[in-house]
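Here is the structure we will look at.
Taken together, the values in this text are just the output of simple stated rules run on the coordinates, not laboratory data. In this text the structure is predicted, and so the values were computed from the model without any measurement. Using ideal geometry, Cβ is built from the backbone for each residue, glycine included, and neighbour counts are taken over all protein chains shown.
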Amino acid sequence: MRGLATRLGLALLALLTLWPATAQAQGRDPILVPEISQHEVQVRQGFTGAELLLFGAILDPDGRRASDDYDIVVILRGPAQAISVREKQRFLGIWINAEATSFRSVPSFFAIASSAPVAELVDERTAAIYEFGLQYLQLSPTGAIDPPQYARFTQGLVDLRQRSGLFQQDEAGVTMSEGVLYQARIALPSNVTVGRYIAETFAVRDGRVIAAASTHVEVRKEGLDRVVTEQADENSFLYGLLAVMLSLVMGWAAGRLFALV
């Protein structure tokens, strides 16, 4: 934590040094200084998850600490991916696949934290524009889909990802200190997707987003997991052939072992 405080202190010092030019360029908008506890998360064998601290400062353009009227919303978003969602129905006592919907752009991870409930900070239109909440995610379905079906599949997808820890919402997750510093803790589960994660910070006042800033963190695979992933991507045919051969050898070895027993 001492390292975090030092980095934040240096950022604030640099900001105050350059304040006159910044204030003139931005008018009366507050100035956000976002930071994140680590800009790289290494996923190794046995990875059980990680906790990121998103913190920073908010200052008025006159260089003084921001008033207590500002609220903070923080969003951590993972790489987008295309997925298909299938609905299961019970037929003659068994569950079968029924209707399906595909989405072009679903965040592999999405976590939002705010200093107060979003409904108290902005109206629904503003919340939808900035995706301030799981119910406002814009998932971009492929093809034509009627609103009730879209709502049903979206709700099902969000529910599944919430239960796996990939979608999170904490409307009391941002704490403010003396109207200047803010911080939020977001947990990355063990099943996170590798790639670049974008951390966005928004300052809200009187129902409006006054300022925004962003930083990022890279989630990378390391060790044997990284080698396997790279080979699967770069030499997919040989990787598939090796996997099939390995399965055959393991099956043969298991059969011989049980025959001896």
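Table for the structure above
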quantity: Residue 123-residue 100 FRET efficiency (beta carbon distance; Förster radius 45 Å; 0.05 resolution); calculated: 0.85
quantity: Nitroxide proxy distance, nm - points 7 Å out along Cα→Cβ at residue 38 and residue 250; calculated: 2.9 nm
quantity: Simple spin-label estimate for residue 84 and residue 53 in nanometres, 7 Å along Cα-Cβ; calculated: 4.5 nm
